1. When you scan the stretch 178-192, do you find a residue that is over 22 Å from residue 9 (Cα atoms) and either among the β-branched types (Val, Ile, Thr) or assigned to a helix (DSSP H, G or I) (or both), even just one?
2. Please state which one of 155, 181, 176, 185 is within 30 Å of residue 119 (Cβ to Cβ), surrounded by fewer than 16 Cβ atoms within 10 Å (Cβ to Cβ) and among the aliphatic types (A, V, I, L, M).
3. Please determine, by comparing only the residues of the stretch 245-275 that are modelled with pLDDT under 95 and among the β-branched types (Val, Ile, Thr), which one is farthest from the chain's Cα centre (by Cα).
4. Note down all Cβ pairs under 8 Å where the first residue falls in the stretch 71-92 and is of a type in the set (Lys, Arg), the second is surrounded by 13 or more Cβ atoms within 10 Å (Cβ to Cβ), and they're at least six residues apart or on different chains.
5. Out of the residues in the stretch 66-82 that are surrounded by fewer than 21 Cβ atoms within 10 Å (Cβ to Cβ) and not small (Gly, Ala, Ser), state the one that is farthest from the chain's Cα centre (by Cα).
6. Kindly indicate whether any position in the stretch 114-122 is closer than 23 Å to residue 243 by Cβ and at pLDDT 95 or above.
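The values are calculated or read from the model by the stated rules, or taken from the named source; none is laboratory data. What you see is a predicted model, and the numbers here were worked out from it, not measured in a lab. FYI the Cβ positions are ideal-geometry reconstructions off the backbone, even for glycines, and counts take in every protein chain you see.
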Amino acid sequence: MQCWKVGDVEVVRIDASNFVLPTELAMPAWAVPAFTPSPDQMPAAFSALAIRSGDRHIVVDPWIVDDSPRGRPDAGAVIDALLEELADAGFEAGDVDTVVNTHVDGIGWNTRPLDGEWVPTFPRARYVFPAAEIAAIDGGAPVNGAESLGPLRDAGVVDTVEPPLRITPEVTLEDAPGHNAGHFAVRIESGDALAIYPGHLVLSLLQIDTPDRDLGDTDFAVATATRSAILEELARRRGLLLTTLVGGPGAGAVVHHEPGYRLEVPTSRDGVIEEHRARRHGADRRT
């Protein structure tokens, strides 16, 4: 896991897997070796973020793209192991009060198997989704993962919301359009420290180096503008960019770098203290 302190807010990233893939699109030189082992290896991960702000325990995008283990006979053991890691970081499943889905892109481990059924993974939590996306799904839009929302909706734990939405004085959901309908970003601001999780607007180090890189956003022009605005604010304030699908350490302080931006491993001088408890560039943490 990786842990960061953003002012008074604690952020933890729990990886279901963290690995590299061969790529013909060379990774930027600035990323080696801190963020990827070599230019011809693309770091990828399936992760969830957990945020402690005051007495609130928030989980964000709980491994939402990591759907394949759900069909395995040992799916229950897979999620039990992930929840154990969260508990070790101080986030017991029963203490989580809010689960934020920046969008629907697979269901991941929002739900878990129990006694032959799928039930909400975090039993006390409200599950927050973009109102625009749920409306699109209800209108028949084909969205990956929509078919698995039933257990959450049947349990009555889904909240559809419009941004901006302040969850705590330090954590806000903001409109971050372009990737798909209603897409959120999560802003963490405490004292002088700033961190932003842009959801799936950043899927690769290439989109940091060159923000107008098209990797499958629904509206490329809007996504580029949103991504650029987020990176520019972080660069001006040397804030922390958080990710869930970029492998390696999973976050970095944003710095201007032509033609776009680059990441640096954050230090205490940034107001963001990083604690690496585990980092694996080359190996999947679970098989």
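1. Of all residues in the stretch 178-192, those over 22 Å from residue 9 (Cα atoms) come to 178-183.
Adding the requirement that they be either among the β-branched types (Val, Ile, Thr) or assigned to a helix (DSSP H, G or I) (or both) leaves none.
Checking the stretch 178-192: not a single residue is over 22 Å from residue 9 (Cα atoms) and either among the β-branched types (Val, Ile, Thr) or assigned to a helix (DSSP H, G or I) (or both).
2. On the way: 181 fails: surrounded by fewer than 16 Cβ atoms within 10 Å (Cβ to Cβ); 176 fails: surrounded by fewer than 16 Cβ atoms within 10 Å (Cβ to Cβ); 185 fails: surrounded by fewer than 16 Cβ atoms within 10 Å (Cβ to Cβ).
Sole residue among the options that is within 30 Å of residue 119 (Cβ to Cβ), surrounded by fewer than 16 Cβ atoms within 10 Å (Cβ to Cβ) and among the aliphatic types (A, V, I, L, M): 155.
3. In this case the residue turns out to be 267.
4. Within 8 Å, the pairs are 72/78.
5. Going through the stretch 66-82, the residues surrounded by fewer than 21 Cβ atoms within 10 Å (Cβ to Cβ) turn out to be 67-78, 80-81.
Then keep just the ones that are not small (Gly, Ala, Ser); that gives 67, 69-70, 72-74, 78, 80.
Details: 67: 15, 69: 18, 70: 19, 72: 24, 73: 26, 74: 25, 78: 19, 80: 20 Å.
My answer is 73.
6. Narrowing the stretch 114-122 to residues closer than 23 Å to residue 243 by Cβ: 121-122.
Filter once more, keeping what is at pLDDT 95 or above: 121-122.
Yes; the residues of the stretch 114-122 include at least one that is closer than 23 Å to residue 243 by Cβ and at pLDDT 95 or above.
Yes/no per residue for (1) within 18 Å of the chain's Cα centre (by Cα); (2) free of Cβ contacts under 8 Å to residues at least 12 places away in the same chain; (3) assigned to a loop (DSSP other than H, G, I, E, B); (4) farther than 23 Å from residue 75 by Cβ:
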position	(1), (2), (3), (4)
104	yes, no, yes, no
124	no, no, yes, no
142	no, yes, yes, yes
153	no, yes, no, no
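Okay, residues lined up against (1) modelled with pLDDT of 95 or more; (2) in contact with an Asp or Glu (Cβ under 8 Å, 6 or more places away or on another chain):
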| site | (1), (2) |
| --- | --- |
| 13 | yes, no |
| 16 | yes, yes |
| 36 | yes, no |
| 39 | yes, no |
| 57 | yes, yes |
| 62 | yes, no |
| 68 | no, no |
| 79 | yes, no |
